[in-house]
Amino acid sequence: MHKDFEKVLVTKEQISTRITELATAISTDYKDTKPLFVCILKGSIIFYADLIRKMTVPCQLDFIQVSSYGSGTTTGKIKLLKDLDNSIEGRDVIIVEDIVDSGKTLSYLKELLGLRKPNSIKICTLLDKPERREVALEADYCGFVIPNEFVVGYGLDYDENYREFDQIYILKPEVYM
Ligand code: PRP
């Protein structure tokens with residue numbers, strides 16, 4: 001294990017099993033539609049790529065990127081860095097996220113995309129850290145509810161590092177303190 005990691009929180013086997021379950025549930029719920037999966041760059045790309053490959057209904061893909069500034073404060077604002085390429089009017093949209101923390105990112109995106117007249121919007125997150133929530137936000141599909149620990153790997157970073165690891169690890173506090 002990498003020296004910066006305290007322990008594995010979610011193993012690759014657990015991730016893989018849960019993604020199959022999520023994709024099965026989503027495929028059932030969307031069986032007569034062609035959902036549009038929106039990937040929130042960059043943290044969710046690995047989860048997204050694995051999830052869509054387990055879907056059994058036709059899907060389409062699009063990508064969006066936001067950045068938060070002033071994070072850690074209640075006035076932290078969110079800025080759109082890259083918008084979707086296509087219209088979502090009339091579409092069934094599934095926003096795919098790696099982690100819901102304060103809930104600000106997804107609540108901003110849900111409102112922004114909701115103005116564009118989609119038929120529906122749902123949220124699928126791999127991880128949910130409810131202890132950190134600052135705004136009311138609930139995912140429709142969730143992989144794992146986790147404790148309030150600093151997690152990295154499987155797309156999640158600290159200072160842009162550790163995204164490439166295939167499991168989710170708790171980072172040692174001395175690395176980020
Ligand atoms: C992380 C994560 C979510 C967001 C969750 O993104 O990927 O998008 O923060 O936090 P919130 O619920 O408090 O809004 P980050 O801004 O670190 O960008 P990244 O995806 O490129 O790592």
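The values are calculated or read from the model by the stated rules, or taken from the named source; none is laboratory data. All of these numbers come straight from a predicted model, not from anything done at the bench. Note that we place each Cβ from the backbone using ideal geometry, even for glycine, and neighbour counts take in every protein chain shown. Each accessible area value is taken on the protein alone, full model and side chains, heavy atoms only, with ligands, DNA and RNA left out. Shrake-Rupley method; radii C 1.70, N 1.55, O 1.52, S 1.80 Å.
Go through the range 152-166 residue by residue and turn each phi into a ³J(HN,Hα) via Karplus (6.51, -1.76, 1.60, θ = phi - 60°); whole Hz please, and just put x for glycine and proline.
9, x, 6, x, 7, 10, 10, 6, 6, 9, 6, 5, 7, 6, 8
What 222 nm value per residue comes from the helices of the chain, counting each DSSP H run with n ≥ 4 as -39,500 (n - 2.57) and dividing by all residues, nearest 500 deg cm²/dmol?
Roughly -7000 deg cm²/dmol at 222 nm, from the helical runs in the chain.
Taking the mean number of other Cβ atoms within 10 Å as a proxy for protection, how do you rank 166-177, 145-156 from highest to lowest?
Working: 166-177: 15.4, 145-156: 18.7.
Answer by packing, highest mean first, reads 145-156, 166-177.
Could you state the accessible area per residue of the range 13-147 in Å², with a 1.4 Å probe and every protein chain left in place? Don't jump to the answer; show the numbers that get you there.
Numbers: 6860 Å² over 135 residues.
Counting only protein heavy atoms, the per-residue value for the range 13-147 is 51 Å².
Return the FRET efficiency for the residue pair residue 158, residue 119: r is the Cβ-Cβ distance, R0 is 30 Å, and the value is rounded to the nearest 0.05.
Using R0 = 30 Å, I get an efficiency of 0.20.
Given +1 on the Cβ of Lys and Arg, -1 on the Cβ of Asp and Glu, and no further charges, what dipole in debye does the range 13-147 carry about its Cα centre, rounded to the nearest 20?
On the way: 18 positive and 19 negative charges, 61 e Å.
About 300 debye.
Counting only DSSP beta bridges with both residues in the chain, what percent are antiparallel, rounded to the nearest 5?
Taking every DSSP beta bridge with both residues in the chain, the antiparallel ones total about 35 percent.
Just reorder 18, 53 by solvent-accessible area, largest first, 1.4 Å probe, all chains present.
Putting 18, 53 in descending order of accessible area: 53, 18.
Just to be sure I understand the model, the point goes 7 Å from the Cα along the line to the Cβ. What's the resulting residue 136 to residue 69 distance in nm?
Computed distance between label sites residue 136 and residue 69 equals 3.1 nm.
If you rank 112, 127, 61 by how much accessible surface each has, with a 1.4 Å probe, what is the order from largest down?
Numbers: 112 35, 127 0, 61 80 Å².
From most exposed to least exposed: 61, 112, 127.
In whole Hz, with x marking every Gly and Pro, tabulate ³J(HN,Hα) for the range 94-111 from phi via Karplus 6.51 cos²θ - 1.76 cosθ + 1.60, θ = phi - 60°.
The phi angles translate into 10, 7, 10, 10, 7, 8, 9, 10, 5, x, 5, 4, 6, 5, 4, 5, 5, 5 Hz.
Rounded to the nearest angstrom and ordered from largest down, what semi-axes does the equivalent ellipsoid of the chain get from its C-alpha gyration tensor (root of 5λ)?
Semi-axis lengths for the chain are 26, 20, 13 Å.
Taking amide hydrogens as modeled 1.01 Å from N in the peptide plane, which residues meet the under 5 Å criterion relative to residue 103, leaving out close sequence neighbours?
134
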